[in-house]
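Peer 1: Quick one: the structure is below, questions incoming.
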Amino acid sequence: MQNKMFKFRLSQQQKQLLNSKAKALNMNSTQFLIKYIESSNINVKTNNKKDLKELIWNINKIGTNINQLAHSLNYSIQMEKLDSYNYKNLINKLIIIENQLDSILDKEF
């Protein structure tokens, strides 16, 4: 991997702060910034409204499909075309999918 140079401006006070924090860890400022970037747990959220609208639309569509599957499972159990064990197993899988979709939405908002 080839290293690329990246330049940016800091105030004198910011530069002194960067240097002092790096020095406290026995690093130079470049090493400190690289380590900070790699270890940062900052969640970057999209501000693109178009992408967000598309994500919401897709999740709603998936939710509709899950509801249709749940309805079909309930109908199948009523018509005795599905045994209780398989019914519970499939319902649990739908619940897992629903929870995963909820967590995706929680991360975005």
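Values in this text are rule-based calculations from the coordinates and carry no lab data. These numbers were taken from a predicted model, which means no experiment stands behind them. Note that we place each Cβ from the backbone using ideal geometry, even for glycine, and neighbour counts take in every protein chain shown.
Each row is one residue, and each column tells you yes or no for (1) under 30 Å from residue 7 (Cβ atoms); (2) in a helix (DSSP H, G or I); (3) of a type in the set (Lys, Arg); (4) in contact with a helix residue (DSSP H, G or I) (Cβ under 8 Å, 6 or more places away or on another chain).
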{"position": "27", "(1), (2), (3), (4)": "yes, no, no, yes"}
{"position": "34", "(1), (2), (3), (4)": "yes, yes, no, no"}
{"position": "71", "(1), (2), (3), (4)": "no, yes, no, no"}
{"position": "74", "(1), (2), (3), (4)": "no, yes, no, no"}
{"position": "80", "(1), (2), (3), (4)": "no, no, no, no"}
{"position": "87", "(1), (2), (3), (4)": "no, yes, no, yes"}
{"position": "90", "(1), (2), (3), (4)": "no, yes, no, yes"}
{"position": "96", "(1), (2), (3), (4)": "no, yes, no, no"}
{"position": "106", "(1), (2), (3), (4)": "no, yes, no, no"}
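Peer 1: Counting only residues that are farther than 26 Å from residue 103 by Cβ, among the small types (Gly, Ala, Ser) and touching a Leu at 6+ places or on another chain (Cβ under 8 Å), how many does segment 53-90 have?
Peer 2: Residues in segment 53-90 being farther than 26 Å from residue 103 by Cβ, among the small types (Gly, Ala, Ser) and touching a Leu at 6+ places or on another chain (Cβ under 8 Å): 1 in total.
Peer 1: Residue 67 fails exactly one of the following numbered conditions: (1) surrounded by 14 or more Cβ atoms within 10 Å (Cβ to Cβ); (2) part of a helix (DSSP H, G or I); (3) of a type outside the set (Val, Ile, Thr). What is the number of that condition?
Peer 2: (1)
Peer 1: With the structure loaded, tell me whether residue 19 is surrounded by 10 or more Cβ atoms within 10 Å (Cβ to Cβ) and closer than 28 Å to residue 105 by Cβ or whether it fails that test.
Peer 2: Working: surrounded by 10 or more Cβ atoms within 10 Å (Cβ to Cβ): yes; closer than 28 Å to residue 105 by Cβ: no.
Against the criterion (surrounded by 10 or more Cβ atoms within 10 Å (Cβ to Cβ) and closer than 28 Å to residue 105 by Cβ), residue 19 does not qualify.
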